[in-house]
Amino acid sequence: MVGLIDLLNLARDAGLTWYQDGNRLIVRGPRTADELAKQMIARKAEVFATLKLPMPIVAAEVTYDPIPEWAIEAALAAFRHN
């Protein structure tokens, strides 16, 4: 039997989406992925458990490189000259 994470990755790659609606697992996607959908529904409790896990927050490092004062002065001087 394939592991749950592998099953969910295969399902996602096959174009399936899923969500919990009360006690039902709703799986949508192409008919070509029916077998994967059936496997997910058979493992509904495990899938529900993954839906309750907190999503990791990925922080991107944002750098700000201000324009040096001398570059601003040089640009202004060049603009005034023309």
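Per-structure values
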read-out: In region 18-36, the residues that are farther than 12 Å from Val47 by Cα, outside any loop (DSSP other than H, G, I, E, B) and not aliphatic (A, V, I, L, M); value: Asp21, Arg28, Arg31, Thr32, Asp34, Glu35
read-out: When residues of region 4-25 are limited to those that are within 11 Å of Phe48 (Cα to Cα) and free of Cβ contacts under 8 Å to residues at least 12 places away in the same chain, the one nearest to the chain's Cα centre (by Cα); value: Asp21
read-out: Residue within region 68-80 that is at pLDDT 75 or above, under 22 Å from the mean Cα position of the chain (by Cα) and surrounded by 10 or more Cβ atoms within 10 Å (Cβ to Cβ) present; value: no
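The values are calculated or read from the model by the stated rules, or taken from the named source; none is laboratory data. Since this is a predicted model, take the numbers as computed values, not measurements. Quick reminder, even Gly has a Cβ in these numbers, built from the backbone with ideal geometry, and neighbours come from all protein chains shown.
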